[in-house]
C-alpha cells in the first residue's frame, strides 16, 4: 500500500475482495481452518482499511467497499468459518459506516450469492466427490438457491461495486447489498 500510494497517490477507493472458503461439518472444523479463513476474509479487510483510511479521512472523501456474501446475511451449513468471517465483514462495514459517517468516506458491503467463480467450482467439485452428485446436479443445487435459478455472474458483482464507488453514491453508507437474484430480500 505504501509503494502504491507513493507511485499513484493516496487510495481513494478500496475494494476488499479477497476471499476463501472451505467446507466441513462444524465438529470437524479445526482451529487452523477457522483461523485461516478469518485471517483471509476478515483480518485482511481490517488491515487494508486501516492502511488507507487516514488518507481518505484527510481528503474528506473515499469509498471502502467490502465484498462479503449472502452467507454473511443468512448463513449456510458446513461452512461455519466462512459464514462467521463474512458476518464479521458486514459488522465491520456497519461499525465503520457509523463511526465515520460525517467524514466523507463511505463503507458498504456487496453480498453475492453463489457466483460463477473458483469458489463455486470447488464447491461443485466437493459435492461431486463427497456427496456423489453429478456435476450437473451439483450446479443445479447451487443455482436453485437463487430464485432466478442461476449462478450470479462476476460482472454483476463488479457492476454493484462500481456503482458504490461513484461520487453519486455518497449517500449510500453502511449498506449490505445482496447480488443474489432475490435469495435475500
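The values are calculated or read from the model by the stated rules, or taken from the named source; none is laboratory data. On a predicted model such as this, the values are computed, not experimentally measured, just so you know. Positions of Cβ are backbone-derived with ideal geometry, glycine not excepted, and every protein chain shown enters the neighbour counts.
Here are the criteria: (1) under 18 Å from residue 47 (Cα atoms); (2) touching a helix residue (DSSP H, G or I) at 6+ places or on another chain (Cβ under 6 Å). Tell me which single one residue 80 does not satisfy.
Checking residue 80 against (1) under 18 Å from residue 47 (Cα atoms); (2) touching a helix residue (DSSP H, G or I) at 6+ places or on another chain (Cβ under 6 Å), the one that fails is (1).
Only one residue in 119, 177, 124, 172 is surrounded by 12 or more Cβ atoms within 10 Å (Cβ to Cβ) and assigned to a strand (DSSP E or B). Which one?
The match here is 177.
Yes or no: residue 97 surrounded by fewer than 21 Cβ atoms within 10 Å (Cβ to Cβ), touching a strand residue (DSSP E or B) at 6+ places or on another chain (Cβ under 9 Å) and not in a loop (DSSP other than H, G, I, E, B)?
It is true that residue 97 is surrounded by fewer than 21 Cβ atoms within 10 Å (Cβ to Cβ), touching a strand residue (DSSP E or B) at 6+ places or on another chain (Cβ under 9 Å) and not in a loop (DSSP other than H, G, I, E, B).
What is the one condition in (1) within 29 Å of residue 172 (Cα to Cα); (2) out of contact with any helix residue (DSSP H, G or I) (no Cβ under 6 Å at 6 or more places or on another chain); (3) at pLDDT below 95; (4) assigned by TED's automatic domain parsing to the domain that holds residue 157 that residue 119 does not satisfy?
Only one criterion in (1) within 29 Å of residue 172 (Cα to Cα); (2) out of contact with any helix residue (DSSP H, G or I) (no Cβ under 6 Å at 6 or more places or on another chain); (3) at pLDDT below 95; (4) assigned by TED's automatic domain parsing to the domain that holds residue 157 is unmet by residue 119, namely (4).
So which residues in region 130-148 are without any contact (Cβ under 8 Å) to a residue 24 or more places away in the chain and surrounded by fewer than 19 Cβ atoms within 10 Å (Cβ to Cβ), if there are any at all?
Kept after step one, since they are without any contact (Cβ under 8 Å) to a residue 24 or more places away in the chain, are these residues of region 130-148: 130-141, 144.
Matches in region 130-148: 130, 131, 132, 133, 134, 135, 136, 137, 140, 141, 144.
If I filter region 10-24 down to residues being within 9 Å of the chain's Cα centre (by Cα) and surrounded by 19 or more Cβ atoms within 10 Å (Cβ to Cβ), which single residue comes out as modelled with the lowest pLDDT?
19
Given (1) surrounded by 15 or more Cβ atoms within 10 Å (Cβ to Cβ); (2) over 23 Å from residue 90 (Cα atoms), where does residue 165 come up short, assuming only one miss?
(2)
Can you tell me how many residues in region 140-169 are assigned to a helix (DSSP H, G or I), within 21 Å of the chain's Cα centre (by Cα) and farther than 17 Å from residue 110 by Cβ?
Matching residues across region 140-169 total 2.
Which helices (runs of 4 or more DSSP H) sit wholly inside region 1-81 and have at least 2 residues that are touching a strand residue (DSSP E or B) at 6+ places or on another chain (Cβ under 9 Å) and without any contact (Cβ under 8 Å) to a residue 60 or more places away in the chain?
Result: 44-59.
Would it be correct to say that residue 83 is more than 29 Å from residue 31 (Cα to Cα), surrounded by 17 or more Cβ atoms within 10 Å (Cβ to Cβ) and in the same structural domain as residue 66 (by TED's automatic domain parsing)? Can you show your working first?
Values: more than 29 Å from residue 31 (Cα to Cα): no; surrounded by 17 or more Cβ atoms within 10 Å (Cβ to Cβ): yes; in the same structural domain as residue 66 (by TED's automatic domain parsing): yes.
No, not satisfied.
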